[in-house]
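The values are calculated or read from the model by the stated rules, or taken from the named source; none is laboratory data. Just so we're clear, the structure is a prediction, and the values are computed from it rather than from any experiment. Don't worry about glycine lacking a Cβ; one is built from the backbone with ideal geometry, like all the others, and counts go over all protein chains shown. For the accessible areas, the whole protein counts, side chains as well, though only heavy atoms, and no ligand, DNA or RNA atoms are used. Shrake-Rupley method; radii C 1.70, N 1.55, O 1.52, S 1.80 Å.
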Amino acid sequence: MRSGLLRLPAAGRRWYRGSGHRAEAGPHRVIDLRSDTVSRPGAAMRAAMGSAAVGDDVYGEDPTVNELQRRAAQLFGMEAALFVPTGTMGNLISVMCHCWERGTELIVGDRAHIHIFEQGGGAQIAGVHSRVVKNLPDGTFDLNELESNIRHDYPDPHVTRTSLICLENTHNVKGGRVLPLPFLQEVRELADTYKLPIHMDGARLMNAAVALRVPASDILQHCDSVSLCLSKGLGSPVGSIIGGRKDFIERAVRLRKVLGGGMRQAGVLAAAGLISISDMVDRLEEDHRNARTFAQGIKMYATPFCEVDVDTVETNILLFTINSPRATAEEFCRRMGEVSEEEVAETGRGVRVLLFPIYGHILRAVWHLDVSEEDTRLALGKLQFVVNKLEQRST
Ligand SMILES: *Cc1c(COP(=O)(O)O)cnc(C)c1O
């Protein structure tokens, strides 16, 4: 595996800030597949935010936040839940709650968001060391590898003690893969053997639940804590929610405050979160369908220039590979994002499709509520146009 994941921030900077590639600029249709974080709150959500009952949430007096936390705990099948500003803070708080003793070790996948996209917050802020196990293509681990990495020979002074196992569901970098329920059960049995808690980075937990057609609580019965993003496919402008036992959440409330996440009249945000968990879950199915349609289209119309494994598209994230010497992943993305006079002359329209190279020759595209079935067809047309032009070019 290439270490090219390190390239994402540089590419990301270009795509977020490059003047020619802003989502809002220009007269052309923009289809933004960079991430589901770009989804914007709709009219119903904005109306609910505008009329939310609020109070000071640091005093525990915001009725809308309290309602969101009550409903999220029910959704998770857990004792309690806590509203936090971001998924990154939700994961960090969870790690700090579980790894209360300074200098212990958590086990995490080598491609996990916690490990590669959160600035090493566990080490930087919480004093927790990470031990990585290799993520398999479906986002799981080899259970033997997991077990052989658990340190239980404490108090040998050479080693620290394992204090947590972290899972990610759906798995972002592995292409929105859904962790199979039997895998979760096996990890649970192993964790119980060594008396370890399990934290699930469930930024896209509801995508997993929709794909498996089970309640979220069926997935979480195998976990001690979870962090769910409200601001991705669920459409809220801001916010994540963590769940766990009552004593876990009591500790989390204190940690949220010291990390600067104690918000006051946060009910205006929680009102959006309530709509996210009640009205925005079922529609995730559409995103999954659109991602699959796009993958099938690539397979049909863009092979072998682009390579895709349709069977691995389980949710709203699609990975595909540029399999040609005629363009780098970066150049391919640039062409998808710009409109030439030639395109307008030949197709009668201009379509800008924004997406990222994620590592090496692999591109990531993510579906969300602002990308319709029609947008998906237009994006596919654009991809065919770009592939045809690149194929005509002599190398
Ligand atoms: C987006 C994401 C997070 C963090 O969420 P932020 O709200 O952006 O901090 C955590 N884990 C995974 C898997 C994610 O995709």
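Nearest 0.05, what FRET efficiency do residue 254 and residue 309 give at R0 = 45 Å with Cβ-Cβ as r? That pair, residue 254 with residue 309, gives E of 0.50. Highest average first, the peptides 385-393, 353-361, 292-300 ordered by how many other beta carbon atoms sit within 10 Å of their residues are 353-361, 292-300, 385-393.
Per-residue 3J(HN,Hα) values for the stretch 107-117, derived from phi via the Karplus relation 6.51 cos²θ - 1.76 cosθ + 1.60 with θ = phi - 60°, read 9, 8, x, 5, 10, 6, 4, 4, 7, 10, 10 Hz in sequence order (x marks Gly and Pro).
At 1.4 Å probe size, with the rest of the protein present, what percent of the exposed accessible area of the stretch 43-279 is carbon and sulfur atoms? That share works out to 51 percent. Using the Cβ-Cβ distance between residue 372 and residue 246 with R0 set to 51 Å, the FRET efficiency from 1/(1 + (r/R0)^6) comes to roughly 0.75.
For the stretch 43-279, a simple Cβ point-charge model (Lys and Arg +1, Asp and Glu -1, everything else neutral) yields a dipole of about 500 debye relative to the Cα centre.
Note that the stretch 87-95 has calculated 3J(HN,Hα) couplings of x, 4, 5, x, 5, 5, 4, 4, 4 Hz, one per residue in order, obtained from phi through the Karplus relation 6.51 cos²θ - 1.76 cosθ + 1.60 (θ = phi - 60°); glycine and proline are x. Taken about its Cα centre, the chain carries a charge dipole of about 940 debye when Lys and Arg each add +1 at the Cβ and Asp and Glu each add -1 at the Cβ. Quarter the surface of the alpha carbon convex hull of the chain and you get the mean projected area, 20.0 square nanometres.
Label-to-label distance for residue 296 and residue 29 is 2.0 nm, based on points extended 7 Å past Cα in the beta-carbon direction.
Rolling a 1.4 Å probe across the protein heavy atoms gives the chain an accessible surface of 44 Å² per residue.
For the chain, the longest principal axis of the C-alpha atoms and the axis of helix 246-258 are separated by about 70°.
The spacing between the stretch 325-370 and the stretch 142-184, judged by their C-alpha centroids, is 36 Å. Within the stretch 308-395, the percentage of alpha carbon pairs spaced more than 21 angstrom apart rounds to 31%. Helix-only arithmetic for the chain: the sum of -39500 (n - 2.57) across DSSP H runs with n ≥ 4, divided by the residue total, places the mean residue ellipticity at 222 nm at -12500 deg cm²/dmol. Our analysis of the stretch 43-279 gives Rg over Rh at 0.97, with the two radii drawn from alpha carbon positions and Rh computed by the Kirkwood formula. Using the Cβ-Cβ distance between residue 326 and residue 136 with R0 set to 25 Å, the FRET efficiency from 1/(1 + (r/R0)^6) comes to roughly 0.20. Couplings 3J(HN,Hα) for the stretch 238-243, derived from phi with the Karplus relation 6.51 cos²θ - 1.76 cosθ + 1.60 (θ = phi - 60°), are 8, x, 9, 9, 10, x Hz, where x marks Gly and Pro. Of 193, 86, the order by accessible heavy-atom surface (1.4 Å probe, DNA, RNA and ligands excluded), from most exposed downward, is 193, 86.
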